[in-house]
1. Is one or more of the residues making up region 32-45 open to solvent by less than 30 Å² (accessible area, probe 1.4 Å) and at pLDDT below 90?
2. Return the total of residues in region 16-53 being over 14 Å from Glu119 (Cα atoms) and either part of a strand (DSSP E or B) or of a type in the set (Ser, Thr, Tyr) (or both).
3. Cβ-Cβ distance below 9 Å, separation of 6 or more or different chains: which pairs start in region 71-98 with a residue that is among the polar types (S, T, N, Q) and end on one that is open to solvent by less than 40 Å² (accessible area, probe 1.4 Å)?
4. Here is a list: Ser50, Ser82, Ser75. Which entry is open to solvent by 60 Å² or more (accessible area, probe 1.4 Å) and of a type in the set (S, T, N, Q)?
5. Output the number of the condition that Leu78 fails; it satisfies all remaining conditions of (1) more than 26 Å from Glu36 (Cβ to Cβ); (2) in a strand (DSSP E or B); (3) not hydroxyl-bearing (Ser, Thr, Tyr).
6. Hey, among Pro121, Pro64, which residue is in a loop (DSSP other than H, G, I, E, B), of a type outside the set (A, V, I, L, M, F, W, C) and open to solvent by less than 50 Å² (accessible area, probe 1.4 Å)?
7. Any residue at all in region 96-115 that's under 23 Å from Gly30 (Cα atoms), surrounded by 15 or more Cβ atoms within 10 Å (Cβ to Cβ) and at pLDDT 85 or above?
8. Quick one: what pairs do we get from region 37-53, first residue without any contact (Cβ under 8 Å) to a residue 40 or more places away in the chain, second in a loop (DSSP other than H, G, I, E, B) and among the aromatic types (Phe, Trp, Tyr), C-beta under 6 Å, 6+ apart or different chains?
Amino acid sequence: GLLKADDDAAWRIAFEVGSAAFERWHPMVGQTIVVEGTAENAKFGALVQSKDANFWIDQPAAWPAELDGKKVRVSGKLVERSDLPVMEMPEEPKRLLGGVMYVPKGTDIERAKRRFVIEQPRWELLD
């Protein structure tokens, strides 16, 4: 079936990075940050959903089962990457590719590819 906006946390990130959250966090790229949020295993890797932004975790590729869905505090170097596999939704989708986030027609694809990543992350369980 077609991907819906709420199918995966990764879908929301493509849109969020173009928002006010991007403006807030972008000046901190290259710096060590500390964020608190929910550890989630999304289609394209492990991430932390904070109150105002989502952050991918460079390693591991997935949270351990005991952390998935739990509140965590993560610190590490904030970087920006433009590597999400984003494509415009075809007008007549007959067959959609797996491993791709489809965005509405007219979306700025380069902007939608951006994401924040925390490199060399250290985390602790808060729950």
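1. Scanning region 32-45, I find at least one residue that is open to solvent by less than 30 Å² (accessible area, probe 1.4 Å) and at pLDDT below 90, so the answer is yes.
2. Total satisfying the criteria: 10.
3. Qualifying pairs under 9 Å: Ser75/Ile33; Ser75/Val35; Ser75/Ile118; Ser75/Pro121; Ser82/Arg115.
4. Answer to the check: Ser82.
5. (1)
6. From the options Pro121, Pro64, the qualifying one is Pro64.
7. Scanning region 96-115 turns up no residue that is under 23 Å from Gly30 (Cα atoms), surrounded by 15 or more Cβ atoms within 10 Å (Cβ to Cβ) and at pLDDT 85 or above.
8. The qualifying pairs are Asn41/Trp63; Ala46/Trp63.
The values are calculated or read from the model by the stated rules, or taken from the named source; none is laboratory data. Not measured: the values here are computed from a predicted model. FYI the Cβ positions are ideal-geometry reconstructions off the backbone, even for glycines, and counts take in every protein chain you see. Accessible surface is based on the protein model in full, side chains and every heavy atom, while ligands, DNA and RNA are left aside. Shrake-Rupley method; radii C 1.70, N 1.55, O 1.52, S 1.80 Å.
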